[in-house]
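Since the structure comes first, as structure tokens, the remarks are kept for the end.
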Amino acid sequence: MGKNTTTSSSSASPAGGSGGALFKTKAGVIAATLGSAVGLGSIWRFPAEAQANGGGAFLLLYLACVLVLGIPVMLAETSLGRAGRADAVGSYMKLAPGKHWWIAGALGVLASYLIISFYMVVAGWTLQYLWDSISGALYDGAVSESALALESTFHHRMERYIGSDMAPLISTFVMIALNAGVLMMGVQKGIERASNIMMPLLFVLLLIFSIYALTLPGAGEGLEFFFRPDFSKITWSVAANALGQTFFSLSLGIGILITYASYYPSSTNLVSTSVTVSVLTTFVAVMMGVIIFPTVFSFNLDLSQLRGTTLVFVTLPEVFSQMPGGRWWSVLFFLLLLVAALTSTISLSEVSILFVQKRFRRSRVAATLIMMCPLFLFSALCSLSFGSLADLKLFGLTIFNFLDTFTTNWLLPVCAFCTVIFMGWFAPRGTLRDQVTDRGTVATRLYPAICFIVRWVAPVLILVILITSI
Ligand code: TRP
């Protein structure tokens, strides 16, 4: 084990391009990992899931899943990445030479690549909505209408925009280019620096919104909905949703954490990093609940509208149009969403970029171009599947929905299952222990519990997710 840690820094740099290939500071490690985790998953999907699954009951289940499953699985993944000091495929190869475990890593690379193909499209929408909030186009003529008229105006706007071909395509392409720009600059100068700037911004925006939401008249009712658990709402499928949300929001199961942990300095304490990232991600998700529910209650909007794309692209613009200074709130909100999406797409893209860089010995810039260029095509197909290609169906789903379903319901649990089984049972003896207990007596005391979860609890729970999605 020790040998992995010592070879790390030297083996990490050859194809590293500019900026070195380890994160430079502790804050950078946290900011980058947190940036990956906090994305559309916590900001947007979480409140919608909470609404659909009984508010407070879902929140409690989610907290339990993060604690019992999220943190240990995160530790398994980061241990694998830091011990392997390579991309998702290479890390398995290094720890299990001559075995077929690398296939699990390859599935992770595939999953992350397919996920960015559709995630970029949604990120593109947020960019467009930000732009339209700044220019005012989003709210043109929508200020003095009745509630019903407002809703249909924004619905219509969203459908017209998403369903058109050119406009969403352009914003998707801009997002891909933005990602490529950051990623080309390398680990420290690109990913770490971007995260160090964007994450504090995200927290400031979040704080501003929560203060505003909490001071709205009627906020208490919304808070009560969000925090009061109704245990009768808890069913197997609600529990499975909470598990799925945990994987989604903590960026587990698709090679992201293997990749990022390969950039963690050997001085990084994996336990405190995983706990900090999980706690902060959960904090962001909870704050989003604290922002969204009081707002929706205060403006007397229909809770059922919180589902899917409607929440962000219809309900919230409706709220902003009624608020004093709403247009500027709208700018801040879409900026928040864009920042969250950008740091997540960066991490999703990095999985395949490091893969190409290491496996095919390419420079950072070449690897970025090799992986990001085809993305223009894949994302375009996803984007057009709301427009001209809406009738093109795979297994009865549009391209976008097919990729979304296939990756989150199938590929992700399969990859996560392989990771915990590998780290629990097949990695060289002591790999998990050495990485986890590296420094700190607390970690040493917690190790037996972590090991038990990685070996037994996590695989069983992941199988439950898989089975429920069938
Ligand atoms: N964690 C990020 C988010 O919540 C990105 C992400 C990680 C993701 N894993 C995912 C997105 C799986 C979709 C599916 O947005």
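The values are calculated or read from the model by the stated rules, or taken from the named source; none is laboratory data. Predicted model, so just to flag it, every value in this text is computed and none were measured. Positions of Cβ are generated from backbone atoms using ideal geometry, with glycine treated the same way; all protein chains shown enter the neighbour counts. We work out accessible area using only protein heavy atoms, side chains counted, and drop any ligands, DNA or RNA first. Shrake-Rupley method; radii C 1.70, N 1.55, O 1.52, S 1.80 Å.
Within the stretch 147-166, which residues are assigned to a helix (DSSP H, G or I) and open to solvent by 40 Å² or more (accessible area, probe 1.4 Å)? First the steps, then the outcome.
In the first step, residues of the stretch 147-166 are kept if they are assigned to a helix (DSSP H, G or I); the result is 147-163, 166.
Those that are assigned to a helix (DSSP H, G or I) and open to solvent by 40 Å² or more (accessible area, probe 1.4 Å): Ala147, Leu148, Glu151, Ser152, His155, His156, Arg157, Glu159, Arg160, Met166.
Is it true that Phe417 is free of Cβ contacts under 8 Å to residues at least 60 places away in the same chain and either small (Gly, Ala, Ser) or within 16 Å of the ligand (Cβ to nearest atom) (or both)?
Values: free of Cβ contacts under 8 Å to residues at least 60 places away in the same chain: yes; either small (Gly, Ala, Ser) or within 16 Å of the ligand (Cβ to nearest atom) (or both): yes.
Yes; evaluated as a whole, the condition is true for this residue.
Restricting attention to the stretch 220-256, report how many residues are more than 15 Å from the ligand (Cβ to nearest atom) and of a type outside the set (Phe, Trp, Tyr). Full working, then the answer.
Applying the first criterion (more than 15 Å from the ligand (Cβ to nearest atom)) to the stretch 220-256 yields 220-240.
Checking the rest, the ones that are also of a type outside the set (Phe, Trp, Tyr) come to 220-224, 228-230, 232-235, 237-240.
Going through the stretch 220-256 one residue at a time, the tally reaches 16.
Of all residues being assigned to a helix (DSSP H, G or I) and modelled with pLDDT under 90 in the stretch 211-231, which is most open to solvent (accessible area, probe 1.4 Å)? Just the residue, please. So that I can check it myself, show each step before the final result.
Residues of the stretch 211-231 that are assigned to a helix (DSSP H, G or I), as a first pass: 211-214, 219-227, 231.
Next, from what is left, pick out any that are modelled with pLDDT under 90: 225, 231.
Details: Phe225: 58, Phe231: 127 Å².
It comes out as Phe231.
Listed residues Ser91, Ser112, Ser117; which is within 18 Å of Glu350 (Cβ to Cβ) and away from the ligand (no atom under 14 Å from the Cβ)?
Values: Ser112 fails: away from the ligand (no atom under 14 Å from the Cβ); Ser117 fails: away from the ligand (no atom under 14 Å from the Cβ).
From the options Ser91, Ser112, Ser117, the qualifying one is Ser91.
Residue by residue through the stretch 443-470, note down the ones that are open to solvent by 90 Å² or more (accessible area, probe 1.4 Å) and either at pLDDT below 95 or more than 23 Å from Val414 (Cα to Cα) (or both).
Taking the stretch 443-470 and keeping what is open to solvent by 90 Å² or more (accessible area, probe 1.4 Å), we get 445, 452, 456, 467, 470.
Matches in the stretch 443-470: Arg445, Ile467, Ile470.
If you go through the stretch 257-265 one residue at a time, do you hit one that is of a type outside the set (A, V, I, L, M, F, W, C) and within 15 Å of the ligand (Cβ to nearest atom)? Quick ask: steps written out before the conclusion?
Taking the stretch 257-265 as the starting set, the residues that turn out to be of a type outside the set (A, V, I, L, M, F, W, C) are 259-260, 262-265.
Now drop any that are not within 15 Å of the ligand (Cβ to nearest atom), which leaves 259-260.
Checking the stretch 257-265: at least one residue is of a type outside the set (A, V, I, L, M, F, W, C) and within 15 Å of the ligand (Cβ to nearest atom).
Hey, can you tell me all the residues within the stretch 18-64 that are basic (Lys, Arg) and in a helix (DSSP H, G or I)? Show your work before the answer.
Taking the stretch 18-64 first, the residues basic (Lys, Arg) are 24, 26, 45.
Matches in the stretch 18-64: Lys26, Arg45.
Please determine whether any residue of the stretch 13-36 is out of contact with any helix residue (DSSP H, G or I) (no Cβ under 7 Å at 6 or more places or on another chain), open to solvent by 10 Å² or more (accessible area, probe 1.4 Å), at pLDDT below 95 and within 30 Å of Asp230 (Cβ to Cβ).
No, the stretch 13-36 has no match at all.
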